[in-house]
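Undergrad: Structure provided below as structure tokens; questions to follow.
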Amino acid sequence: MLVPASAVPTAVSAASGRGVVIAGPARVIDGDTLEVASVRIRLEGLDAPERAQQCSLSGRPWPAGEAARRRLVQLVAGQPVPCWSAGRDLYGHSLATCRAGGRDVARTLVREGLAWAFVRYART
């Protein structure tokens with residue numbers, strides 16, 4: 001069921017047991033970056049291709065960055081997206097674990113082959 005973005009509450013709350021909670025509708029920037037409640041969030045534990053990055057699939061160019069971005073759009077579309085932030089990346093963006101539809105979106109992108117596990121920023 002799609003929920004209009006205007007019907008989804010937006011919040012940034014104090015620390016929970018998992019870090020600062022940032023929740024609301026998400027706007028996808030690229031395959032590993034979201035904006036939730038006006039906060040730029042870098043998904044923790046993965047690295048996705050840059051938006052314009054091309055890879056090779058069966059010897060042909062494949063728009064890997066755009067594929068990762070499109071899949072992330074599908075995962076978060078029309079749903080509240082809670083994120084648990086426990087720090088910042090080198091660029092000052094919140095580094096967070098986010099869920100949509102009961103799934104960890106970063107884990108889903110890695111499992112589907114659209115991003116790489118990036119242990120430098122992973123807590124687990």
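The values are calculated or read from the model by the stated rules, or taken from the named source; none is laboratory data. A quick note: this is a predicted structure, and the numbers were derived from the prediction, not measured. Don't worry about glycine lacking a Cβ; one is built from the backbone with ideal geometry, like all the others, and counts go over all protein chains shown.
Undergrad: State which residue pairs qualify: first residue more than 19 Å from Val73 (Cβ to Cβ) and acidic (Asp, Glu) and inside the stretch 86-99, second residue assigned to a strand (DSSP E or B) and modelled with pLDDT of 85 or more in any location, beta carbons under 7 Å apart, and separation of 6 or more residues or different chains.
TA: Asp89/Arg42; Asp89/Leu95
Undergrad: Next question, about the same structure. How many of the residues making up the stretch 17-59 are surrounded by 15 or more Cβ atoms within 10 Å (Cβ to Cβ) and of a type in the set (Ser, Thr, Tyr)?
TA: Total satisfying the criteria: 1.
Undergrad: Filter the stretch 79-93 down to the residues that are surrounded by 19 or more Cβ atoms within 10 Å (Cβ to Cβ) and in contact with a Gly (Cβ under 8 Å, 6 or more places away or on another chain), then identify the one that is farthest from Glu44 (Cα to Cα).
TA: Restricting to residues being surrounded by 19 or more Cβ atoms within 10 Å (Cβ to Cβ) and in contact with a Gly (Cβ under 8 Å, 6 or more places away or on another chain), the top hit is Pro80.
Undergrad: How many residues does the stretch 96-117 contain that are within 10 Å of the chain's Cα centre (by Cα) and among the aliphatic types (A, V, I, L, M)?
TA: 5
Undergrad: Another question, if that's okay. Trp116: in contact with a strand residue (DSSP E or B) (Cβ under 6 Å, 6 or more places away or on another chain) and farther than 15 Å from Val36 by Cα, yes or no?
TA: Here the answer is yes, as Trp116 does meet what is asked.
Condition check ((1) in contact with a strand residue (DSSP E or B) (Cβ under 8 Å, 6 or more places away or on another chain); (2) closer than 18 Å to Leu90 by Cα; (3) among the hydrophobic types (A, V, I, L, M, F, W, C)) across all residues:
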{"position": "Val28", "(1), (2), (3)": "yes, no, yes"}
{"position": "Gly31", "(1), (2), (3)": "no, yes, no"}
{"position": "Ile41", "(1), (2), (3)": "yes, yes, yes"}
{"position": "Gln53", "(1), (2), (3)": "no, no, no"}
{"position": "Ala64", "(1), (2), (3)": "yes, no, yes"}
